[in-house]
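Just below is one structure, and these are the notes that go with it.
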Amino acid sequence: MKEVHNFTIIQRIEHGERYFALVLAHGGTLQSPAPGQFVEALVEDCPGVMLRRPISVHDADPQAGTLTLMVQIVGRGTRKLATLREGDRLNLVYPLGHGFTTEGCKKPLLVGGGAGIAPLLLLAKTLQANEVQPTVLLGGRTAELIPARDAFASLCTLHTATDDGSLGHRGLVVEHPVFNDSYDMIYACGPTPMMKAVARSAAQRGVECEVSLENVMACGVGACLCCVTDTDHGHRCVCKDGPVFNIKNMRRWYEQ
Amino acid sequence: MNNDTLKVRLHNLQLKNPVLTASGTFGYGEEFADFVDLNRLGGFVVKGTTGSHREGNPYPRMVETPSGMLNSVGLQNGGVDKFCDEVYHRIKHLDTNVIVNVSGSSIEEYCEVASKIDALERVPAIELNISCPNVKCGGMSFGTDPGMAAQVVEAVRRVYSKTLIVKLSPNVTNIAEIAKAVEGAGADSVSLINTLLGMAIDIERRMPVMANITGGLSGPAVKPVAVRMVWQVAHAVKIPVVGLGGICTAEDAIEFMMAGATAVEVGTANFVDPTVTMKIVDGMEQFCKDHAINDINDIIGIV
Ligand SMILES: Cc1cc2nc3c(=O)[nH]c(=O)nc-3n(C[C@H](O)[C@H](O)[C@H](O)COP(=O)(O)OP(=O)(O)OC[C@H]3O[C@@H](n4cnc5c(N)ncnc54)[C@H](O)[C@@H]3O)c2cc1C
Ligand SMILES: Cc1cc2nc3c(=O)[nH]c(=O)nc-3n(C[C@H](O)[C@H](O)[C@H](O)COP(=O)(O)O)c2cc1C
Ligand code: FES
């Protein structure tokens with residue numbers, strides 16, 4: 001069941017200049033989010049920002065009643081969120097959307113870039129809890145722009161690709177040697193051109209693949225139809241039918 | 001204060017309180033069922049419904065603007081048959097008024113949808129949308145000309161027997177004139193305002209932000225325009241007026257009622273706080289208590 005709730009920030013984690021994470025305590029019973037689900041965060045007292053901002057669940061600990069969000073500073077709303085400190089409250093609508101499918105996969109690859117790295121941490125942890133060892137491949141323009149590397153590295157083998165070669169493979173994630181190993185599932189979240197490249201390659205290789213899309217959102221619950229994406233079955237809401245989509249229904253999207 | 005304090009009537013439609021939700025902002029009610037007790041609403045207006053399935057406009061379809069937003073959704077919906085065969089059966093048990101927003105591109109289409117909805121026992125009213133700014137053909141063009149507005153309302157009146165609310169466009173020079181035309185053509189009530197036509201440009205890309213180029217402005221930014229129009233229309237017609245545009249609080253709702261609205265609709269505010277309608281109902285009750293108002297009808301149009 002979705003709810004609107006005031007969380008309390010209990011910890012801030014710095015990830016360089018562009019990214020930060022907030023650990024949020026529910027104070028009561030946390031609805032356990034699935035990996036890939038997101039929240040809509042209310043940005044209070046911020047001129048020009050009225051609508052909530054969609055942010056993925058980066059990590060969750062149902063026992064402790066905490067959620068972690070990792071945010072990339074891109075505009076007014078996220079810049080305001082960056083000023084929040086321990087003890088401040090943050091109002092969230094959560095949990096929203098359909099997350100990743102984790103059942104049945106044995107050898108998954110997780111590919112992420114930019115803010116799209118955020119949901120992959122909870123995904124990696126969930127897979128591990130199912131005794132599946134994920135391979136993680138993260139990309140960015142520079143090493144500095146690949147946040148939360150330590151969190152991934154402490155869980156699994158982490159591979160990286162950077163445009164400037166400052167970390168890992170120099171080039172795109174789809175050109176990284178591990179990308180071409182064999183997998184039974186590829187999960188991708190990141191900039192749209194990256195996800196389309198991953199999807200095209202997965203389709204070509206016949207590997208199952210799920211992508212987590214981004215779009216501007218208003219309601220976050222499938223009511224306003226502002227957030228649609230093209231699919232092979234017509235327009236679908238990223239907030240409600242996604243954000244995670246299996247590419248078998250997304251040819252029209254990734255071939256564009 | 002008693003349970004009847006907030007009761008109002010739109011022609012034959014009894015509302016337990018004046019708070020409705022605005023079409024296109026509340027889905028089919030189901031999307032908000034986790035957040036609000038739908039039965040505590042005066043009613044809700046579902047998404048614009050057309051003769052057949054529509055995919056709507058290409059995306060991006062939305063951009064936030066100061067104290068508001070522009071949308072160019074363009075009547076994406078599953079069509080009237082899907083509503084009658086599927087959606088209706090999921091929401092017909094609710095103890096509130098389900099109102100269908102009827103849209104179209106031709107008089108025939110409006111009539112087809114209205115007559116199919118007329119057959120649904122648990123839908124006591126329609127809101128005829130002659131004011132959508134986001135469809136190329138029909139939509140707003142019916143709502144910006146008094147003669148055409150009267151024509152479509154007359155035709156729908158012939159096939160629709162229950163409470164007929166006509167939703168007006170603010171994108172006109174004289175809204176009272178349109179209101180009088182639809183009253184004369186048989187409307188039982190008018191609701192206003194639909195969104196104001198607007199536009200936003202991405203100056204880095206030197207392109208419109210939305211794929212449809214223009215879109216409809218909603219949210220607190222439009223409220224003073226809406227209050228003014230409700231006041232003008234309430235003075236021009238005898239049928240009850242439903243006021244909307246930027247309502248976020250009980251105080252906003254009271255303001256519309258004092259301007260002449262018998263009921264109100266809440267739209268964009270649902271996106272910011274999905275529980276806002278409950279707070280508005282509670283706040284209106286409290287306002288009546290604090291101001292010793294026994295019947296909310298006493299404040300309608302007092303300005
Ligand atoms: C399902 C989902 C999950 C997301 N998860 C995360 C996450 O975990 N961490 C994170 O940092 N970000 C995430 N985002 C993106 C985040 O919502 C946007 O970066 C944020 O809304 C920007 O707000 P702003 O006020 O700072 O920017 P604005 O001032 O509104 O805009 C600045 C720039 O960002 C672009 N932008 C605005 N909103 C979005 C959006 N929703 N998607 C893509 N671009 C946008 C604008 O076009 C503009 O160029 C997610 C988005 C979605 C849809
Ligand atoms: C995303 C969105 C979709 C809408 N769709 C419809 C629609 O299908 N039919 C209609 O009559 N009005 C539609 N509207 C207009 C609203 O019902 C309302 O008239 C307008 O938004 C002003 O109210 P508000 O400021 O409270 O949102 C839509 C508005 C929004 C924001
Ligand atoms: S944001 Fe409203 S339908 Fe997705």
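Taking the range B:183-195 as the range and being in contact (Cβ under 8 Å) with a residue 40 or more places away in the chain and more than 16 Å from ligand 3 (Cβ to nearest atom) as the test, the residues that pass are B:E183, B:A187, B:D188, B:S189, B:V190, B:S191, B:L192, B:I193, B:N194. If you take the residues of the range B:34-90 that are closer than 28 Å to B:T262 by Cα and among the hydroxyl-bearing types (S, T, Y), which of them is farthest from the other protein chains (Cβ to nearest Cβ)? By that ranking, first place goes to B:Y88.
Name the pairs: first residue in the range A:138-152 and among the hydroxyl-bearing types (S, T, Y), second residue surrounded by fewer than 16 Cβ atoms within 10 Å (Cβ to Cβ), Cβ to Cβ under 8 Å, at least 6 apart or on different chains? Sorted first by the residue in the range A:138-152, then by its partner, the pairs are A:T142/A:D163; A:T142/A:D164; A:T142/A:S166.
The set of residues in the range A:223-236 being open to solvent by 10 Å² or more (accessible area, probe 1.4 Å) and away from ligand 2 (no atom under 12 Å from the Cβ) consists of A:D230, A:D232, A:H233, A:H235, A:R236. A single entry from A:H159, A:H169 fulfils the requirement of being touching a Leu at 6+ places or on another chain (Cβ under 7 Å) and either more than 14 Å from ligand 1 (Cβ to nearest atom) or modelled with pLDDT under 95 (or both): A:H159. Considering the range A:16-32, and only residues there that are crowded, with 19+ Cβ neighbours inside 10 Å and within 13 Å of A:D59 (Cβ to Cβ), the residue that is nearest to the other protein chains (Cβ to nearest Cβ) turns out to be A:L30. Which members of the range A:69-93 meet the condition of being more than 10 Å from ligand 1 (Cβ to nearest atom) and either open to solvent by 10 Å² or more (accessible area, probe 1.4 Å) or small (G, A, S) (or both)? Scanning the range A:69-93 gives A:T83, A:L84, A:R85, A:E86, A:G87, A:D88, A:R89, A:N91. Take the conditions (1) surrounded by fewer than 18 Cβ atoms within 10 Å (Cβ to Cβ); (2) over 18 Å from B:P274 (Cβ atoms); (3) out of contact with any Lys or Arg (no Cβ under 6 Å at 6 or more places or on another chain); A:E3 misses just one of them, which is (2). When the criteria are applied in full, B:A211 fails the requirement of being surrounded by fewer than 24 Cβ atoms within 10 Å (Cβ to Cβ) and away from chain A (no Cβ under 14 Å). The criterion of at least 3 residues that are open to solvent by less than 60 Å² (accessible area, probe 1.4 Å) is met, among strands (runs of 3 or more DSSP E) falling completely within the range B:1-47, by B:19-21. Candidates B:N174, B:N101: the one that is open to solvent by less than 10 Å² (accessible area, probe 1.4 Å), modelled with pLDDT of 95 or more and not acidic (D, E) is B:N101.
Would you point out the residue of the range B:230-245, among those that are buried (at least 24 other Cβ atoms within 10 Å of the Cβ) and in contact (Cβ under 8 Å) with a residue 40 or more places away in the chain, that is nearest to B:V303 (Cα to Cα)? The residue in question is B:A234.
Search the range A:213-237 for residues being more than 17 Å from the chain's Cα centre (by Cα) and among the acidic types (D, E), and hand back the single one that is farthest from ligand 1 (Cβ to nearest atom). Step by step, filter the range A:213-237, then rank; the result is A:D232. Residues considered: A:G104, A:G99. Of these, the only one that is more than 8 Å from ligand 1 (Cβ to nearest atom) and surrounded by 24 or more Cβ atoms within 10 Å (Cβ to Cβ) is A:G99. Only residues that are farther than 20 Å from B:F32 by Cα, assigned to a helix (DSSP H, G or I) and among the acidic types (D, E) were counted across the range B:244-303, and they come to 6. Only residues that are assigned to a helix (DSSP H, G or I) and polar (S, T, N, Q) were counted in the range A:234-256, giving 1.
The values are calculated or read from the model by the stated rules, or taken from the named source; none is laboratory data. All of these numbers come straight from a predicted model, not from anything done at the bench. Here Cβ is always computed from backbone atoms with ideal geometry, including for glycine, and neighbour counts include all displayed protein chains. Heavy atoms of the whole protein, side chains included, go into the accessibility calculation; ligands, DNA and RNA do not. Shrake-Rupley method; radii C 1.70, N 1.55, O 1.52, S 1.80 Å.
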